[in-house]
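The structure appears right after this line, and notes come after that.
The values are calculated or read from the model by the stated rules, or taken from the named source; none is laboratory data. All of these numbers come straight from a predicted model, not from anything done at the bench. When we count neighbours, we look across all protein chains shown, and the Cβ atoms used for this are built from the backbone with ideal geometry, even at glycine. Ligands, DNA and RNA are stripped out before the accessible areas are found, and what is left, the full protein with its side chains, is counted by its heavy atoms. Shrake-Rupley method; radii C 1.70, N 1.55, O 1.52, S 1.80 Å.
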Amino acid sequence: MKLVKLLANLGYGSRTQVERHLRKGHATDLDGKVLGTKDSPPHGKVLFQGEPLDPPAPLTILFHKPAGYTCSTEDPGDTIYDLLPARFALRNPVLSPVGRLDKDTTGLLLMTDDGQLLHRLISPKHHVPKTYEVALDRPLEGHEAELFGSGELVLRGEDQPLRPAQLEVLGEKEARITIEEGRYHQIRRMFAAAGNHVTGLKRVAVGRLALPDDLDEGEWRILDDAAIALAKQG
Ligand code: URA
């Protein structure tokens, strides 16, 4: 692949911007020899401004989403892309969130440019569990686990019942809940159906991949194949 395309696909700029970088000698091989528009070097043999390139596609990252950021690319307000390297929003194929977390939901958000993986993780057909910790406005009443586990709960404005979800009570106003779908505001609406109100929501696992303890809010890391395999597991 031509160097201009390689760099543009990785988000280093539009083709015109990349060409400008190349004219300024910003891309070299590993020995420091300046590369130009006619070159087609392998990805691993290029330095951009002295640094190795971002990983090629397929790229999957785990991001610890803080509250106050939307998962949209179009939102004029604060978005998750504001917290990631600017190049990540410009890559082709684009790095998209694997399902969306609400603006005020925190925790584990996967982002990938691998369409098949994205489908595998969000399609309800594949039953990939997503686990959340929930803080509630009022004490749990005791009927919630049965209601959520029944497979008969129909959310307001919908006609298809939810799949059974597992609820584990952690405290008077705290619970862990595992769902296999990703309907709009699903957990908030489930607790509303149970007469309660969610005051805090954090995703702590996708499949068997847990949010790492050493990854603070706003931080991210690249996932290897073993971690991706864990995320796919039910
Ligand atoms: N359910 C919700 O209500 N919100 C989220 O962000 C995720 C699941």
Counting only the heavy atoms of the protein chains, how much of Leu147 is accessible to a 1.4 Å probe, in Å² to the nearest 10?
50 Å²
I want to check the label-to-label distance for His197 and Glu158. Put each point 7 Å from Cα in the C-beta direction and report it in nm to one decimal.
2.2 nm
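Which whole-number value in Å² is the accessible area per residue of the stretch 111-187, probe 1.4 Å?
It amounts to 57 Å² per residue over the stretch 111-187.
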Reachable aspartates and glutamates from Lys38, criterion Cα separation under 16 angstrom, eight or more residues apart if same chain
Glu19, Asp29
Each label point is 7 Å from the Cα along the Cα-to-Cβ direction; what then is the distance between the points at Arg20 and Arg183, in nm?
4.9 nm
Principal axis extents for the stretch 129-206, Cα atoms only, whole Å, descending order, please.
31, 26, 19
Debye log10 I(q)/I(0) for the chain, one point scatterer per Cα, at q = 0.09 Å⁻¹:
-0.47
In the calculated pair distance distribution of the stretch 49-128, what percentage of Cα-Cα distances lie above 21 Å?
31 percent
Mean ellipticity per residue at 222 nm, deg cm²/dmol - from DSSP H runs of n ≥ 4 across the chain, formula -39500 (n - 2.57):
-5000 deg cm²/dmol
Eigenvalues of the Cα gyration tensor times 5, then square-rooted: what semi-axes does that give for the stretch 72-211, in whole angstrom, largest first?
28, 17, 14
Read phi for every residue in the stretch 69-84 and hand back ³J(HN,Hα) as whole Hz from Karplus 6.51 cos²θ - 1.76 cosθ + 1.60, θ = phi - 60°, with x for Gly and Pro.
10, 8, 8, 8, 8, 9, 4, x, x, 6, 10, 4, 5, 5, 9, 10
Lysines with Cα under 16 Å of Lys65, excluding same-chain neighbours fewer than 8 positions away:
Lys103, Lys130, Lys202
Here the stretch 25-41 yields Karplus 3J(HN,Hα) values (6.51, -1.76, 1.60; θ = phi - 60°; whole Hz; Gly and Pro given as x) of x, 7, 10, 9, 7, 5, 8, x, 6, 5, 9, x, 5, 7, 7, 10, x
